[in-house]
Ligand SMILES: NC(=O)c1ccc[n+]([C@@H]2O[C@H](COP(=O)([O-])OP(=O)(O)OC[C@H]3O[C@@H](n4cnc5c(N)ncnc54)[C@H](O)[C@@H]3O)[C@@H](O)[C@H]2O)c1
């Protein structure tokens, strides 16, 4: 093997926004894959399965990341970072306040920047590791809502490609996953008409389950994906194929 080693031993996986929805499913899958899983979220999960840990973390706060990776056992063991925390609103460009814009960018985009800046140096030191940034189909196409969400999710794709190019030589792989409509409390908050509209535009004519996104993340973190970096992987029932 040239210059880098594949991850041969399961270390720790940090999953942001891991208390609910897609993040929670990713945490469960990575735990089943054998990782020590640290769910990092602003709020704790309702319950914590055996072998899972929770850390309170606001992804937008670099000092909080510094404290998290200041835990020597975690910085020594971390193999995987999943930047999954994300928020959005239902307002268009003319109705989004500057405060809302900054809040969304801070969580979705700067949060992933903070995570990668905190974790990648440890992956480089270990000579291997995988980062998965949870973007969205709405990082690739537009809707009438939420320009900050679209902008931040598109940025995640490009930040992933940048980091893949910059750190590939150290054995660090960075990929983006683009979920379509996934059934979580985020989308349960949307109107039935909105969700029905997306499902009607989805070739598979259904919403996805969090576990289907988790399976894609699990693959990208695994040795099966050892030569895959810098990609956008849609998990969208064919939405982006049209
Ligand atoms: N559900 C979908 O249809 C869908 C589609 C495409 C992309 N996504 C993306 O998937 C990710 C997860 O979405 P979800 O549907 O599971 O949402 P969710 O609302 O169920 O979960 C989001 C989690 O992020 C946490 N969070 C929010 N702000 C945070 C912060 N500042 N620091 C740390 N954690 C924070 C929340 O507490 C929550 O646990 C998001 O990035 C979302 O944009 C979701």
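Values quoted throughout were computed directly from the atomic coordinates according to the rules given, and no laboratory measurement underlies them. Not measured: the values here are computed from a predicted model. Glycine also receives a Cβ, built like all others from the backbone with ideal geometry; neighbour counts cover every protein chain displayed.
Any number yet on Rg/Rh for the range 12-233, C-alpha, Kirkwood?
Numbers: Rg = 16.6 Å, Rh = 17.4 Å.
The Rg/Rh ratio comes out at 0.95.
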10 Å-binned pair-distance histogram of the range 43-174 (Cα, whole percent): 12, 37, 33, 15, 2
Calculated FRET value between residue 191 and residue 72, using beta carbons and R₀ = 41 Å, to 0.05: 0.30
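For the range 1-100, what is the Kirkwood estimate of the hydrodynamic radius, computed as the reciprocal of the mean inverse distance between distinct Cα atoms, to one decimal in Å? Mind dumping the intermediate values first?
Numbers: mean 1/r = 0.0670 Å⁻¹.
Answer for the range 1-100: a Kirkwood hydrodynamic radius of 14.9 Å.
Pop the C-beta distance of residue 100 and residue 242 into the FRET formula with R0 = 30 Å and round what comes out to the nearest 0.05. Write down the numbers at each step before the final one.
On the way: r = 30 Å, r/R0 = 1.00.
Computed FRET efficiency for residue 100 and residue 242: 0.50.
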FRET efficiency for residue 46 and residue 201, using Cβ-Cβ distance with R0 set to 30 Å, rounded to 0.05: 0.40
The range 153-242, relative contact order [Cα under 8 Å, separation at least 6], %: 42 percent
Gyration tensor (alpha-carbon) shape descriptor, the range 122-242, a/c threshold 1.5: prolate
Highest-MSF residue in the chain out of 180, 88, 115 [GNM, Cα springs under 10 Å]: 88
Candidates 109, 29, 100: whichever shows maximal mean-square fluctuation once the chain is modelled as a Gaussian network with Cα springs under 10 Å: 100
For the chain, built as a Gaussian network whose Cα springs stay under 10 Å, the top-fluctuating residue of 28, 142, 86: 142
Over the chain, relative contact order from alpha-carbon pairs under 8 Å, at least 6 apart, %: 21 percent
Alpha-carbon centroid distance for the pair the range 83-112 / the range 150-209, whole angstrom: 15 Å
Label-point separation, residue 223 to residue 56 (7 Å along Cα→Cβ), nm: 4.0 nm
